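Chemist: Handing you this structure, nothing more for now.
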There are 2 protein chains.
Amino acid sequence: MYPSDQLSATFAALADPTRRAILGRLSRGQMPVKQLAEPFEMSLPAISKHLKVLQRAGLIERGREAQWRPCRLRAAPLKKVANWVEHYRRFWEERLDRIDEYLRELQGKEKKHGRAK
Amino acid sequence: MYPSDQLSATFAALADPTRRAILGRLSRGQMPVKQLAEPFEMSLPAISKHLKVLQRAGLIERGREAQWRPCRLRAAPLKKVANWVEHYRRFWEERLDRIDEYLRELQGKEKKHGRAK
């Protein structure tokens, strides 16, 4: 469950809608766990488990202030995800190009058809 | 292990170095499973398991040619990963900006120091 390579650990941590929602919430600013947990219909221990997975993957960090240990987003692993997925961009863009080409062909045919009438 | 939402299924499928290497190999073109499996020190059944995870996540598809069922990359789920991670770009870019600012400040101080000597 806890992959040893960094990128696998990041992907595993992101493979859960609650954990992604936690990151989304932290993208608006750091906050203490209690406040972070508010919108989730989940016990505080359940949230803490998710936070541990995110922390182990380096996606969040906890402040050192003794009283108020806010959670903060750490974006460095997300940058690695972005770099990894970037290599595949040409595949979905090529596909869009092909759809575009197909639609243009269809339009061409329709025009021809229109003139023939 | 097999998350129900599409994005979680994609992230879970990507959380393994062998599965990412399989996608990397398929990014050079479709190929039959045997050829695909060549560089991996793994049994064919082990590779097949990985392929099933990738297929379930919609990251690959198998051709319908009866004799030769090549594996092909499907980039649509990767596009969703790229879109998701894009929302966080400002966080790692801001961080780089801050490092940049800090380095410029340091350089400024050094220059001052240089002139004072």
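The values are calculated or read from the model by the stated rules, or taken from the named source; none is laboratory data. Note that the structure is predicted; figures quoted are calculated from it, not measured. When we count neighbours, we look across all protein chains shown, and the Cβ atoms used for this are built from the backbone with ideal geometry, even at glycine. Areas reflect the complete protein model, heavy atoms only, side chains present, ligands, DNA and RNA absent. Shrake-Rupley method; radii C 1.70, N 1.55, O 1.52, S 1.80 Å.
Chemist: Can you tell me which of (1) in a loop (DSSP other than H, G, I, E, B); (2) crowded, with 20+ Cβ neighbours inside 10 Å; (3) small (Gly, Ala, Ser) is the one B:Gly58 doesn't meet?
Modeler: (2)
Chemist: Would you check which residues across the stretch A:9-43 are within 13 Å of chain B (Cβ to nearest Cβ) and over 14 Å from the mean Cα position of the chain (by Cα) and list them?
Modeler: Of everything in the stretch A:9-43, those that are within 13 Å of chain B (Cβ to nearest Cβ) and over 14 Å from the mean Cα position of the chain (by Cα) turn out to be A:Arg28, A:Gly29, A:Gln30.
Chemist: I've got another one for you. Of all residues in the stretch A:1-50, which are among the polar types (S, T, N, Q), open to solvent by less than 30 Å² (accessible area, probe 1.4 Å) and either in contact (Cβ under 8 Å) with a residue 24 or more places away in the chain or within 18 Å of A:Arg72 (Cα to Cα) (or both)?
Modeler: A:Thr10, A:Thr18, A:Ser27
Chemist: Hey, can you tell me all the residues within the stretch A:81-101 that are buried (at least 17 other Cβ atoms within 10 Å of the Cβ) and either in contact (Cβ under 8 Å) with a residue 12 or more places away in the chain or more than 9 Å from chain B (Cβ to nearest Cβ) (or both)?
Modeler: A:Val81, A:Trp84
Chemist: Okay, moving on. With respect to A:Arg64, is the statement that it is charged (D, E, K, R) and either under 18 Å from the mean Cα position of the chain (by Cα) or at the interface with chain B (Cβ under 10 Å from one of its Cβ atoms) (or both) true?
Modeler: no
Chemist: Let me ask something else. So which residues in the stretch A:26-45 are polar (S, T, N, Q) and not in a loop (DSSP other than H, G, I, E, B)?
Modeler: Once the filter is applied, which keeps residues that are polar (S, T, N, Q) and not in a loop (DSSP other than H, G, I, E, B), the stretch A:26-45 yields only A:Gln35.
Chemist: Something else now. When the stretch A:3-25 is examined, which residues are found to be of a type outside the set (S, T, N, Q) and either in contact with an Asp or Glu (Cβ under 6 Å, 6 or more places away or on another chain) or not in a helix (DSSP H, G or I) (or both)?
Modeler: A:Pro3, A:Asp5, A:Ala15, A:Asp16, A:Pro17
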